[in-house]
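Below is one structure, written out as structure tokens; comments come after it.
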Amino acid sequence: MPIYEFKCGGCGRKVSVFLRDTSRQAVCPECGGSDLKRLVSRIAYHNKAGVWTEEMGPPPAIGDEKYYSDPRNIGRYTEHRLKQLGIDMHSPEYSKTFSEVNDMIEKARDGEMPDKIKDI
């Protein structure tokens, strides 16, 4: 995807802009200004669960020092703990409440660390 990050000289915000043609002038989606300085963006490398298992082996057990650095375990532990509390996050009663959590768990199972804890 040709999505580029810029720092806007007009509003000072860091913005992401979708550009199909880099010869065209980007415009700040926040203030409409064109005084944008292109930033070096972070890249993301995503593996599917099968590839992750091939490269990293099976997930570490609870208590292992590497347990929390494996994003697959975030979802496992969350589901395990909620079941201990008598909450089925996939049930009709709770599915809407836990929809964002379910999305993060699915991404973690594919090897992507949730944004909210990447920098911890």
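The values are calculated or read from the model by the stated rules, or taken from the named source; none is laboratory data. Please read these numbers as outputs of a predicted model, since none were measured by experiment. Here the Cβ is made from the backbone with ideal geometry for all residues, glycine too, and neighbour counts use every protein chain on show.
With the checklist (1) part of a loop (DSSP other than H, G, I, E, B); (2) at pLDDT below 85; (3) more than 20 Å from the chain's Cα centre (by Cα) in hand, flag the one item His80 doesn't pass. All conditions are met except number (1). Every condition in (1) within 19 Å of the chain's Cα centre (by Cα); (2) at pLDDT 85 or above holds for Cys31 except the one numbered (1).
Taking the listed residues Glu5, Glu93, Glu106, the one that is among the acidic types (Asp, Glu), at pLDDT 75 or above and surrounded by 13 or more Cβ atoms within 10 Å (Cβ to Cβ) is Glu5, with no other qualifying.
Taking Leu39 as the residue in question, decide whether it is modelled with pLDDT of 80 or more, surrounded by fewer than 16 Cβ atoms within 10 Å (Cβ to Cβ) and not polar (S, T, N, Q). Break it down into steps so the answer makes sense when it comes.
Numbers: modelled with pLDDT of 80 or more: yes; surrounded by fewer than 16 Cβ atoms within 10 Å (Cβ to Cβ): yes; not polar (S, T, N, Q): yes.
The answer is yes for Leu39.
Is there a residue in the range 42-52 that is exposed (fewer than 10 other Cβ atoms within 10 Å of the Cβ) and at pLDDT 70 or above? Looking for residues that are exposed (fewer than 10 other Cβ atoms within 10 Å of the Cβ) and at pLDDT 70 or above, one finds at least one in the range 42-52, hence yes.
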